[in-house]
Amino acid sequence: MPPPDENTAVDPTGAAWVVWLVIVGPALLFATFTCVRRVAPGELVLVLRRGEVVRVRRNGFVARWPGLERFEAVSTEPRVLPLVVRSRTNDGVRVVALADLTVQVRDVQPGAAYAPATQAARLAEDTVARAVEQLEVESLVDDLEELETRWPAELTRRLPLGTEATALAVTQVEAQLTGGAA
């Protein structure tokens, strides 16, 4: 009887289980932990592919394809973003304004482009800067307080659907009334 072909031989040591235990098992465990995420209370988990929302989960578990998609957790609670706005008034005075933007994510639809909170902050800073450019320095504080009630609605229209600017309040204004060193 000829010896068995080495390609069809049975593992004489019976160590195939070691390969499963040492290599395949941890690889499957690692893939599971990196591709599945549990949604915490008070957050939405978005699955993004090339900057576009593919899936959204409010509770339970959500999965993604490794390398193609990524997770992004978004709080559904109101979030306060600090802003620093540098601008000039209509009469040429340099102004630094500190403000607080409150943003809340209510829902995100699959197919929507993902917009991080930094985009909302940039839009709010631009809105305040444009308003400062239209005002005179002597009425700056009073006019900004009057505009604060209109800004959230204006910002919400410019943010992605499901994201709402609930408040934008200027907390401090500094105007440089003297010329700088030449």
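Being in a helix (DSSP H, G or I) and surrounded by fewer than 19 Cβ atoms within 10 Å (Cβ to Cβ) is the filter here, so list the residues in segment 153-178 that pass it.
Within segment 153-178, A153, E154, T156, R157, R158 meet the criteria.
Summed over segment 154-178, residues that are over 21 Å from T118 (Cβ atoms) and either touching a residue at least 12 places away in the same chain (Cβ under 8 Å) or among the aromatic types (F, W, Y) (or both) total 6.
Considering T89, T102, T76, which residue is within 24 Å of R150 (Cα to Cα), surrounded by 12 or more Cβ atoms within 10 Å (Cβ to Cβ), polar (S, T, N, Q) and touching a Gly at 6+ places or on another chain (Cβ under 9 Å)? Exactly one residue qualifies, and that residue is T76. When segment 153-165 is filtered for residues that are over 21 Å from R86 (Cβ atoms) and under 17 Å from the mean Cα position of the chain (by Cα), the ones remaining, listed by number, are T156, L159, P160, L161, G162, T163, E164. Filter segment 114-132 for residues that are open to solvent by 40 Å² or more (accessible area, probe 1.4 Å) and touching a strand residue (DSSP E or B) at 6+ places or on another chain (Cβ under 6 Å); which is nearest to R55 (Cα to Cα)? Filtering segment 114-132 for residues that are open to solvent by 40 Å² or more (accessible area, probe 1.4 Å) and touching a strand residue (DSSP E or B) at 6+ places or on another chain (Cβ under 6 Å), the one nearest to R55 (Cα to Cα) comes out as Y114.
For segment 135-142, the criterion of a residue being of a type in the set (G, A, S) and either more than 30 Å from T34 (Cα to Cα) or part of a strand (DSSP E or B) (or both) is satisfied by at least one position.
The values are calculated or read from the model by the stated rules, or taken from the named source; none is laboratory data. Note that this is a predicted model, so its numbers are computed, not measured. Heads up, the Cβs are rebuilt from the backbone with ideal geometry, glycines too, and the neighbour counts pull from every protein chain shown. Accessible surface is based on the protein model in full, side chains and every heavy atom, while ligands, DNA and RNA are left aside. Shrake-Rupley method; radii C 1.70, N 1.55, O 1.52, S 1.80 Å.
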